[in-house]
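Nothing in this text is a laboratory measurement; each read-out follows from the coordinates by a stated rule. Please read these numbers as outputs of a predicted model, since none were measured by experiment. Reconstructed Cβ throughout: ideal geometry from the backbone, glycine too, with neighbour counts over all protein chains shown.
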Amino acid sequence: MGPVRPSGCVYVGCATLAALFCVVPVPGLPVPWWVVALLAALYAGCEQVPRCSLVGRRAPDGMGTFFPVLLAGAFLLPPPAAALVPLPGALLARVDGRPAWLRRIWRAAQLALAVWAASRVHWSLGGHDAVVGPRFPYALLPASAAVVAFCLALTALDGAILVLAEGVPVRTAWRGLFLRSLAPVTVHGLAGLMMAVLWRSPYGPVAALLVLLPMYVSCWVFAQYHRERAAHQATIRALVQAVDIKDGYTRGHSERVGQASMMIARELGMDDERVEVLRFAGILHDVGKLGVPTRLLRKDGPLTPEERRIIELHPEYGHEMVRGIGFLDEARSAILHHHERLDGSGYPYGLTGERIPECARVVAVADAFDAMTSTRSYRRARPVAAALDELQRCAGSQFDPAMVRALVRALGRNGWHPVVTADEERRDEARQARARGNVPPPALPVAGRPAGRGHGGGGA
């Protein structure tokens, strides 16, 4: 969950009430409370494992590394009692982002509802008797149905929170959620079934705990994966910082282009993996500036034709710089072609129409939009509406109309909340310096800037 909207808070409240309704029948049921308590404590303890220094980096919230414990509860307990198992672990878990209390309540309600749904399906199909038996292979049928119910409940709730709390379009909120989660949840369901069968066997709960050993290993592997992702992010940050230091006029531009590219990609209905690729492409689209002489990037006057040709080499420089970085595979084409134009008058290769890669057409629109709406030392920022009018005017000749329309829709729904621009940062620093009496007052702002600065496409 990102920043929470009021509609998201209302939705969390409704989910919480629904979870409470699910556990209301508990006082009237013959519940083995020691089993509930043991499973709840076990799940709460397992949720702390990803923080252990032996395992390494903590996995993101909500990844469900120890769903087998919850599903074992769904197979062993009546639905209202099973819904109690995830509550202590979810309410005590560490969360990223604020408000932490709301995120914990949401996670607890989501898991309680999913476990209740799984347990209800399992018991309705006679799964409890099959586990106590045990009767194989019949026990696999209700367990499989319970896993599907668990997965459906999680994805339904996840998609709704994306729509209501983060403003993700309805047509894309659930895209791929169920299929991506079904395979890992199925594996967890088999582990949960093994736990339940061993729990009811003569060997008892101690034998059931042995099933969790492979989960510790998978948790370690998962942590290594996130370490690798963190290394990717660090690589990108280092490259972007190097560009920002070299070209101070556009500091913050890369992050904003990445943000706008991501908004366009989501509006186009791309899956999460491609959205991430577009974010990387937007952030790194100008990395080739590291190969351009600093004096040209910071030149105040018009560029000569030769100087312009040198600057126009930066897409090719950037493409070569990231060639050996495997996870930037598709993003390379956006770095190389983000200054191409649909009418063929762009650079470096003069591609036309559909020959320009889709990701490059996305970044081109995001790049031009941020360039127009950011204050630079040589001109003031245009209003968002004026920038969109200019993009629409150039759609079909310079920009892909589909990408422009996607950006217009995304901004109409979510607005534009960019990071602070370079000049705003410098003005703040200058005001602080003047307050300390270290520098003279600034000269009057320049109304315009000589033609020739910049390198086409509306971009920085």
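What's the extension gain from ARG237 to ASN414 if we count 0.36 nm per residue and subtract their Cα-Cα distance? Please report the intermediate quantities before stating the final value.
Values: separation 177, 0.36 × 177 = 63.72 nm, distance 2.56 nm.
Gain on extension, ARG237 to ASN414, equals 61.2 nm.
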Practice task
Take the alpha-carbon centre of the stretch 327-353, take the same for the stretch 242-313, and report the distance between them in whole Å.
Solution key: 13
Practice task
Report the paramagnetic label zone for VAL24: residues of the stretch 88-128 whose backbone N is under 17 Å from a point 7 Å from Cα along the Cα-to-Cβ axis.
Solution key: 113, 116-117
Problem - Under-5 Å amide H pairs with PHE399, H placed in peptide plane, nonlocal only - result: LEU342
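Sorting check: for 329-342, 231-244, which peptide has the highest mean count of neighbouring beta carbons within 10 Å, and how do the rest follow?
329-342, 231-244
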